[in-house]
Amino acid sequence: FTDNYLNKPEWSLFNWSMVHLAGWYDIFTTVQIRTAMGINETAQINAKGQQILIIEPTGHCGGGAIKWPNATYGSDIMDNTYGPAIFQGAFDAAMKNTLFDIHK
């Protein structure tokens, strides 16, 4: 089995920074990892290398039938740490009409 996920033409449609959130035991984790990697490697200039992937210690649907310990850990990090800084950086870059670097 080979999966040539980096050569998907849809990655070239992206031209913005994103934060991707997945769970260790999520049924979609592999797809989310490949999406973040594909966009980081082959997207347009504003998206290429500007993706952040957070994988938290949960499964799919943290609020569903299975009660995962620390089910909000990744969301808490986004809400309290990365989110405010990312939104402020994106706003400042937009006000200056400059490229926003998600890693700064």
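Computed values, structure above
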| read-out | value |
| --- | --- |
| Estimated distance in nm for a label pair at GLN44 and PHE87, the labels positioned 7 Å out from Cα along Cα-to-Cβ | 2.5 |
| Length released on extending from ASP76 to HIS20, taking residue separation times 0.36 nm less the Cα-Cα span | 18.8 nm |
| Modelled FRET efficiency - R0 25 Å, ASP101 with SER12, Cβ distances, 0.05 increments | 0.80 |
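Laboratory data are not the source of any read-out in this text; all were calculated from the coordinates shown. Fair warning: this is a prediction, and the values are worked out from it, not measured in the lab. Neighbour counts run over all protein chains shown; Cβ positions are idealised from the backbone, glycine included.
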